[in-house]
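The values are calculated or read from the model by the stated rules, or taken from the named source; none is laboratory data. Note that this is a predicted model, so its numbers are computed, not measured. When we count neighbours, we look across all protein chains shown, and the Cβ atoms used for this are built from the backbone with ideal geometry, even at glycine.
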Amino acid sequence: MQIGFYQYRPVFGNVSHNLNKVVKKLSAVQADLIVLPELAFTGYYFRDRAEVKTMAEDPGKSTTVDALTSICKKKKLHLVTGFTEKAKDKYFNSALLIGPKGVEHIYRKIHLFNEETKWFDDGDIPLQVNRIGNVRIGIMICFDWVFPEVTRVLALQGADIICHPSNLVLGYCQQTMLTRCLENKVYAITTNRYGYDKRPHGNLRFTGRSQVVAPGGTLIYRAKSQCDDLLVMDIDPMLARDKSITPLNEVLRDRRPQYYSELNLKQGRKP
Ligand code: ACM
């Protein structure tokens with residue numbers, strides 16, 4: 001399977017510029033699955049929720065999604081992309097799985113990071129694995145990496161590849177994803193943007209270093225921090241079906257959930 005990512009630097013608020021850049025780049029690739037960054041077309045550092053409202057789109061009526069669908073159709077490609085989603089009177093930090101026939105799944109970020117909690121509504125769709133042929137992909141967004149439950153649930157649902165659109169500003173995630181891939185024996189494609197969002201209310205710098213990690217926790221490829229990088233590479237997703245970690249241990253089968261009851265009982269953020 002040919003998988004990859006496109007690491008780039010969206011220009012804040014300039015959806016058509018960012019879309020043209022991505023479409024042009026994707027027109028030159030031959031791949032089965034490409035992952036784009038979080039909030040890939042609007043940029044990240046919103047002033048407030050009112051500003052999100054001016055840019056968010058309903059994926060069902062979105063010229064951005066239409067353009068991405070036609071490139072998927074032309075190239076027989078699947079994309080996982082961050083998307084600033086409007087759904088009636090709600091606004092989500094979402095990721096879309098788009099194929100040749102259009103949107104196949106929407107994931108809405110369930111762990112909002114820092115000021116995102118002021119701009120977006122909490123994700124309200126259960127984690128779900130989707131198929132591309134016989135390969136199963138799970139989607140999470142950026143800060144979800146801090147919560148190992150997310151990767152674990154996707155792995156328990158049978159995910160072979162975790163698609164992870166990101167806009168990382170801290171330095172911990174890339175290294176931590178090696179562990180997520182080891183403890184679940186899955187692949188992960190973390191696509192992170194780079195550059196700055198320079199806004200009147202402050203500046204944010206994003207850390208790039210997009211990467212692909214194999215099921216043993218091995219780093220297959222990591223981009224540099226501050227440059228465009230389009231990666232396409234061949235992987236064997238079926239390697240993620242082998243969950244053994246010693247001759248006598250498997251990472252999912254050998255769990256002892258009867259000793260993990262606090263995971264169910266302790267209430268986190270209100271639903
Ligand atoms: C993040 O979740 N964008 C850090």
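General remarks:
- Subset of the range 1-33 (residues that are aliphatic (A, V, I, L, M), buried (at least 23 other Cβ atoms within 10 Å of the Cβ) and within 14 Å of T64 (Cβ to Cβ)): V22
- Spans of strands (runs of 3 or more DSSP E) in the range 146-265 with at least 2 residues polar (S, T, N, Q) and touching a His at 6+ places or on another chain (Cβ under 8 Å): 187-192
- Residue satisfying condition, being buried (at least 22 other Cβ atoms within 10 Å of the Cβ) and free of Cβ contacts under 8 Å to residues at least 40 places away in the same chain, within set L36, L68, L96: L96
- Scanning the range 70-115 for residues that are part of a loop (DSSP other than H, G, I, E, B), farther than 18 Å from T191 by Cβ and charged (D, E, K, R) turns up K76, K88, D89, K101, E115.
- Test: residue in the range 185-207 that is on the phi > 0 side of the Ramachandran plot, exposed (fewer than 15 other Cβ atoms within 10 Å of the Cβ) and of a type outside the set (A, V, I, L, M, F, W, C): yes
- Qualifying position, being farther than 30 Å from Y196 by Cβ, among the charged types (D, E, K, R) and at pLDDT 95 or above, among K86, K101: K101
- Each residue in the range 41-50 was checked for being in contact (Cβ under 8 Å) with a residue 24 or more places away in the chain and assigned to a helix (DSSP H, G or I), and 1 pass.
- Taking the criterion of being farther than 15 Å from L39 by Cα and in contact (Cβ under 8 Å) with a residue 60 or more places away in the chain, the only residue of the range 109-121 that qualifies is K118.
- Annotation note: Cβ proximity below 8 Å between a residue of the range 124-149 that is within 16 Å of the ligand (Cβ to nearest atom) and a residue that is at pLDDT 95 or above and of a type in the set (F, W, Y) (sequence gap 6+ or interchain) occurs for I139/Y107; M140/Y107; I141/Y107; C142/F113; F143/F113.
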